[in-house]
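Working notes, beginning with the structure itself.
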Amino acid sequence: MTTDEYQQDTAPNVREIMQTEVVTVSPDDSVATVANMLATLGLVGVPVVENDTMIGIITDSDIIAREADVDAPTPVAFLDAIFMADAGKSYDEEIRHALAVNARQLMTTPVISIRDSATLMHVATLMIDERVNPVPVLDDNDNLVGLVSRADLVRVIAALESQDDGDDDAR
């Protein structure tokens, strides 16, 4: 058995890492309600659920984006046409965040999620590649069963690293 195979066999899966008590919001909840919930409960994000189905997610980044300066595209005349020059985020996306009054208008959709059977390596790779935090966790029936955040991964990795240090000391 190679080292990589051993690490995959001994590494915890998402089911063992995730938070199972998931706070959710309704699409009709106000932005103020969602922001207060994130602040009061110390959450980095909450799924938006309608009729028992996750339809979006709101993260602390979505709340913060409401206060950021909106960069309007710059009109540039070229021959007989006017083009809009823009090198940043989508103007429509920035305006949507700034003007949102409820969770439906503020949420990110579609939601990037992961199966509860995925490995630590899979969820870490997903978070880094897709720049998402937290990640909703679904079971095989697409039911929301948990939420995993970067902080959850750091706790697990710290414990695994401590175990590895102990194994090295025993040699």
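The values are calculated or read from the model by the stated rules, or taken from the named source; none is laboratory data. Everything numeric here is computed off the predicted structure, so don't read it as measured data. Cβ: placed from backbone, ideal geometry, glycine included. Neighbour counts: every protein chain shown.
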- Note on the structure: Flagged pairs (Cβ under 9 angstrom, 6 or more apart or on separate chains; first in region 15-35, more than 28 Å from Ser117 (Cα to Cα); second at pLDDT below 95 and small (Gly, Ala, Ser)) are Val31/Ala100
- Query: Restricting attention to region 32-49, which residues are outside any strand (DSSP E or B) and buried (at least 19 other Cβ atoms within 10 Å of the Cβ)?
  - Reply: Val34, Leu38, Leu43
- Only one residue in Arg115, Arg96 is surrounded by fewer than 18 Cβ atoms within 10 Å (Cβ to Cβ), among the basic types (Lys, Arg), at pLDDT below 95 and over 20 Å from Val44 (Cβ atoms). Which one? Arg96
- Task: Could you tell me which of the residues Ala103, Ala124 is in contact with a helix residue (DSSP H, G or I) (Cβ under 7 Å, 6 or more places away or on another chain), at pLDDT 95 or above and farther than 23 Å from Val34 by Cα?
- Result: Ala124
- Pairs under 8 Å by beta carbon, first residue under 14 Å from Pro134 (Cα atoms) and in contact (Cβ under 8 Å) with a residue 40 or more places away in the chain in region 101-112, partner polar (S, T, N, Q) and assigned to a strand (DSSP E or B), six or more apart or different chains? Thr108/Thr59
- Query: Inside region 44-67, can you point out the residues that are among the hydrophobic types (A, V, I, L, M, F, W, C) and at pLDDT below 95?
  - Reply: Ile63, Ile64, Ala65
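Tell me which helices (runs of 4 or more DSSP H) are completely within region 88-152 and hold 3 or more residues being hydrophobic (A, V, I, L, M, F, W, C), or say none if there are none.
Values: elements: 91-99, 103-106, 120-130.
Answer list for region 88-152: 91-99, 120-130.
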- Query: Could you list, in sequence order, the residues of region 19-31 that are buried (at least 18 other Cβ atoms within 10 Å of the Cβ) and assigned to a strand (DSSP E or B)?
  - Reply: Val25
